[in-house]
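The values are calculated or read from the model by the stated rules, or taken from the named source; none is laboratory data. All of these numbers come straight from a predicted model, not from anything done at the bench. Positions of Cβ are generated from backbone atoms using ideal geometry, with glycine treated the same way; all protein chains shown enter the neighbour counts.
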Amino acid sequence: MRELSLHILDVAENSLRAGASLVEILVEEDIVQNKVIIKILDNGCGMEQEYAAKVLDPFITERTTRTVGLGLPMFAAIATHCSGHLQLNSEPNIGTEVLVEMERDNIDRPPIGDMASTIVSLLCHDNPADILYRRVVEKDEFVFDTRELKKQLEEIPLTEPSVLNWIREYIFEKEDYYQRKGASDNEINS
Ligand SMILES: Nc1ncnc2c1ncn2[C@@H]1O[C@H](COP(=O)(O)OP(=O)(O)OP(=O)(O)O)[C@@H](O)[C@H]1O
Ligand SMILES: [Mg+2]
């Protein structure tokens, strides 16, 4: 089973390829409503309505190395399989929003996975952007914003190995807390 963090990486890489300067990623677990909500919002080149409508078809891609674009159709298939859906909203020159919802306790729902590696991979991309990552479990929320971090680091680039290591560990620890919290809230609600 492919972890959700890898699907999120795919979708956010699309945003970087679309020339976004900011990618906002939300991963939310709503335990009461039994939902996992994932939102990836960018300010990249966007898509014409007609093209956006076709993008969920696995034979549509801009890639020249491969004829089939699978990122969005695969994510949509997983969401549908877990009694949810993927919604794509895009506007040329404004940006794109990918919204995914799925049943949290569905037996086939993949784990959230390694979001620390997803964020670090995006920061190491050829065409990097600022990342605003929000992780929510019920009323608890954690935010990681590269714009804030850059202010604190001043001259030091985010891609400095010691900085990347710090980011990875920081997000990993937070994620660990949230995954435990999700599991214990589950028990309270069951
Ligand atoms: N955020 C976005 N902004 C602009 N265009 C996008 C965005 N996301 C997807 N697209 C367009 O939709 C196409 C299909 O995306 P999808 O992720 O399904 O496949 P891919 O990225 O082409 O290939 P793969 O994900 O399999 O490596 C892309 O090639 C691109 O043209
Ligand atoms: Mg893709």
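Of all residues in the stretch 120-151, which are among the hydrophobic types (A, V, I, L, M, F, W, C), touching a strand residue (DSSP E or B) at 6+ places or on another chain (Cβ under 6 Å) and more than 16 Å from ligand 1 (Cβ to nearest atom)?
Of everything in the stretch 120-151, those that are among the hydrophobic types (A, V, I, L, M, F, W, C), touching a strand residue (DSSP E or B) at 6+ places or on another chain (Cβ under 6 Å) and more than 16 Å from ligand 1 (Cβ to nearest atom) turn out to be VAL136, VAL137, PHE142, VAL143, PHE144.
Pull out all pairs, ordered by first then second residue, where Cβ-Cβ is under 6 Å, the residues are six or more apart or on different chains, the first lies in the stretch 70-95 and is modelled with pLDDT of 95 or more, and the second is of a type outside the set (Gly, Ala, Ser) and assigned to a helix (DSSP H, G or I).
Listed by first residue and then by second, the contacts come to PHE75/HIS7; LEU86/PHE75.
Could you list, in sequence order, all residues of the stretch 15-42 that are within 16 Å of ligand 2 (Cβ to nearest atom), surrounded by 22 or more Cβ atoms within 10 Å (Cβ to Cβ) and over 8 Å from the mean Cα position of the chain (by Cα)?
Scanning the stretch 15-42 gives SER15, ALA20, VAL23, ASP42.
Return only the number of the condition from (1) more than 27 Å from GLN179 (Cα to Cα); (2) under 14 Å from the mean Cα position of the chain (by Cα) that TYR51 does not satisfy.
With (1) more than 27 Å from GLN179 (Cα to Cα); (2) under 14 Å from the mean Cα position of the chain (by Cα) applied to TYR51, the lone miss is (2).
Checking GLU103 against (1) closer than 16 Å to ALA12 by Cβ; (2) surrounded by 14 or more Cβ atoms within 10 Å (Cβ to Cβ), only one condition comes out false. Which one?
Condition not satisfied by GLU103: (1).
Is there any pair linking a residue in the stretch 1-14 that is closer than 17 Å to GLY84 by Cα and basic (Lys, Arg) to one that is modelled with pLDDT under 95 and within 11 Å of ligand 1 (Cβ to nearest atom), with Cβ under 9 Å and at least six apart or on different chains, and which?
Close Cβ pairs (under 9 Å, with a partner that is modelled with pLDDT under 95 and within 11 Å of ligand 1 (Cβ to nearest atom)) amount to ARG2/MET74.
Of GLU160, GLU154, which residue is farther than 23 Å from GLU13 by Cβ and out of contact with any strand residue (DSSP E or B) (no Cβ under 8 Å at 6 or more places or on another chain)?
Going through GLU160, GLU154 in turn, the sole match is GLU154.
Taking the stated definitions as given, is ALA52 buried (at least 16 other Cβ atoms within 10 Å of the Cβ) and either more than 16 Å from ligand 2 (Cβ to nearest atom) or assigned to a loop (DSSP other than H, G, I, E, B) (or both)?
Here the answer is no, as ALA52 does not meet what is asked.
Any idea which of ASP130, ASP126 is surrounded by 16 or more Cβ atoms within 10 Å (Cβ to Cβ), of a type in the set (Asp, Glu) and at negative phi?
Working: ASP126 fails: surrounded by 16 or more Cβ atoms within 10 Å (Cβ to Cβ).
Criteria check complete, one pass: ASP130.
Taking the conditions exactly as written (within 16 Å of ligand 1 (Cβ to nearest atom) and more than 22 Å from PHE144 (Cβ to Cβ)), does GLY69 satisfy them or not?
In short, yes.
Would you say LEU153 is without any contact (Cβ under 8 Å) to a residue 60 or more places away in the chain, surrounded by 17 or more Cβ atoms within 10 Å (Cβ to Cβ) and either farther than 30 Å from GLU187 by Cβ or of a type outside the set (D, E, K, R) (or both)? Steps first, answer last, please.
On the way: without any contact (Cβ under 8 Å) to a residue 60 or more places away in the chain: yes; surrounded by 17 or more Cβ atoms within 10 Å (Cβ to Cβ): no; either farther than 30 Å from GLU187 by Cβ or of a type outside the set (D, E, K, R) (or both): yes.
When the stated conditions are applied, LEU153 does not pass them.
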